[in-house]
1. Using Cα atoms only, what is the angle between the long axis of helix 309-323 and the major principal axis of the chain, expressed in degrees (0 to 90) to the nearest 10?
2. Could you calculate the FRET efficiency of Ser351 with Gln115 from 1/(1 + (r/R0)^6), where r is the beta carbon distance between them and R0 is 41 Å, rounded to 0.05?
3. Could you work out how far helix 540-549 tilts from the main Cα principal axis of the chain, as a 0 to 90 degree angle to the nearest 10?
4. State the three equivalent ellipsoid semi-axes of the chain, derived from the C-alpha gyration tensor as the square roots of 5 times its eigenvalues, in descending order and whole Å.
5. Gain in length, Gln286 to Gln427, computed as 0.36 nm per residue apart minus the alpha-carbon separation, to one decimal in nm?
6. Label points 7 Å out from Cα along the Cβ direction at Arg206 and Glu311: separation in nm?
7. Does segment 57-102 classify as rounded, prolate or oblate by the C-alpha gyration tensor (a ≥ b ≥ c root eigenvalues; a/c under 1.5 gives rounded; else a/b over b/c gives prolate, otherwise oblate)?
8. FRET efficiency for Arg532 and Lys440, Cβ-Cβ distance as r, R0 = 60 Å, nearest 0.05?
Amino acid sequence: VPPHVWRINVDAPEEAQHNLSFGAADRWWEQTDLTKLILASNKLQSLSEDVQLLPALTVLDVHDNQLASLPSALGQLENLQKLDVSHNKLQSLPEELLQLPRLRSLLLQHNELSQLPEGLGQLLSLEELDVSNNHLTAIPTSFALLVNLVRLNLACNQLKDLPADLSAMKSLRQLDCTKNYLETVPSKLATMASLEQLYLRKNKLRSLPEFPSCKLLKELHAGENQIEILNAENLKHLSSLSVLELRDNKIKSVPEEITLLQKLERLDLANNDISRLPYTLGNLPQLKFLALEGNPLRTIRRDLLEKGTQELLKYLRSKIQDDGPGPNEEPPVTAMTLPSQARVNMHAITSLKLLEYSEKQAAEIPQEMFDAVGANPVATVNFSKNQLREVPPRIVELKDSVCDVNLGFNKISSISLELCRLHKLTQLDLRNNILTSLPKEMEALTKLQIINLAFNRFKEFPSVLYHLPALETILLSNNQVGSIDPVQLKGMDRLATLDLQNNDLLQVPPELGNCENLRSLLLEGNPFRTPRAAVLAKGTAAVLEYLRSRIPS
């Protein structure tokens, strides 16, 4: 790289030496600092430490060069948001890279990395990380701290397993593990509530993982594995799934429960060992693409397969009437079962113990939802994304069974006493409402472990939370909280995660450092001066240690 590129912010241009008269357009001393530097597709073998002379850089792109290492001075670019070093010859990364507090996108694909630095989890702002096409055999456990990560690409490495801690990535929407050596997927991964796309193709999986919490999962790609059995358990929770790709496996049969996937648009079962299909597949309302070639199907002629999806579905539907349920078989429950209960998904209530009425923009929950519950024990209630102004009073009828309630994205301004009587509650999601306080009566929720109060209107930390002994996670970001009581927080033995990002904290009390059970303390986006951003970027343990050092002796 020509030296004057690194010095572009520092040196005056040549014309200035010649004492010319400058017009307004040439007032070089008013120019702003360089923010983007693109050196891609050259033949660079190294980058100069002089990169530190460009502290305003937000984008540095050096992909497709011949770099074998990176300068440690990169750690000084504290405004850097995107770093693309893909398609090089990197075998390691400098530790200083972990000091970039604003880094949102880190592209490392197509290098020669055999391991990643253990502290990678310090890059708390990271939203996109691509380490595909390297030689990685393991993932650092600190990845769990990347709670803002939206896209993670681990494809084409040598991973034999994934750490269960990945499940802590609450924002992750896309996870690509294509072409590794995975034999199983940790069951905890199924708790990743934001996951929308999961790629597991070309691994060594023998079965599909279960996904009880992946309610948003839209695409699941698991072709070219060794999957033999497709269980009802694997499918029944995937209510949002639109693409299910299972080609080139060893699947022998497809369960009736596949008809629960009411949003399925593409189903690829080509090149398996399937001999018989449930005819109810024809009832999937959104299905546009169905691939079945390369299976030993007995009931479907080959010429029919070649006519395309719509003809195939028509044929399957025509067989439903002929087939009819046998004397002991229940007809499969699908969305088409009973018109009288069109709004109530009885299957969800009886099998999944789920009462759901979400994304309807409704001002209140229809009474028939509660009537339908009857004596069935309901464990999960989801009334999110409506226009509710209060907690539905009849929720109290579920008090002996319900443990997870989601009332997020409504217009609720206060918490009713009915909610305080749900004594088995372990999870409560009230994000994106207009709450300003919580009632003292919430003390009765002695089993509550997780509460989400993000994006409300709290001006102070709700004091009732200090009295809930089982609380493990408090999410209170994006409110207007001005202070916290470190002494009361220290008394909360189980509290591991405290998210106070984007509030109005003018100071962080040093005594907070005594809360040594905190694993994740998030304070970014508050107006306090100390600890500084550089300390926050080092992670929770470092922040707590810093705070302890400030306690007056």
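1. Roughly 30 degrees between the two axes.
2. Numbers: r = 44 Å, r/R0 = 1.07.
Computed FRET efficiency for Ser351 and Gln115: 0.40.
3. On a 0 to 90 degree scale, this one is about 50.
4. 47, 36, 20
5. Going from the current span to full extension adds 47.5 nm.
6. Output for this residue pair reads 4.0 nm.
7. It is oblate, given that a/c is not under 1.5 and a/b is not larger than b/c.
8. Calculated transfer efficiency: 0.95.
The values are calculated or read from the model by the stated rules, or taken from the named source; none is laboratory data. Here the structure is a predicted model, which is why all the values come from computation and not from measurement. Note: ideal-geometry Cβ built from the backbone for every residue, glycine included; neighbour counts use all protein chains shown. Note: areas computed on protein heavy atoms with side chains; ligands, DNA, RNA excluded. Shrake-Rupley method; radii C 1.70, N 1.55, O 1.52, S 1.80 Å.
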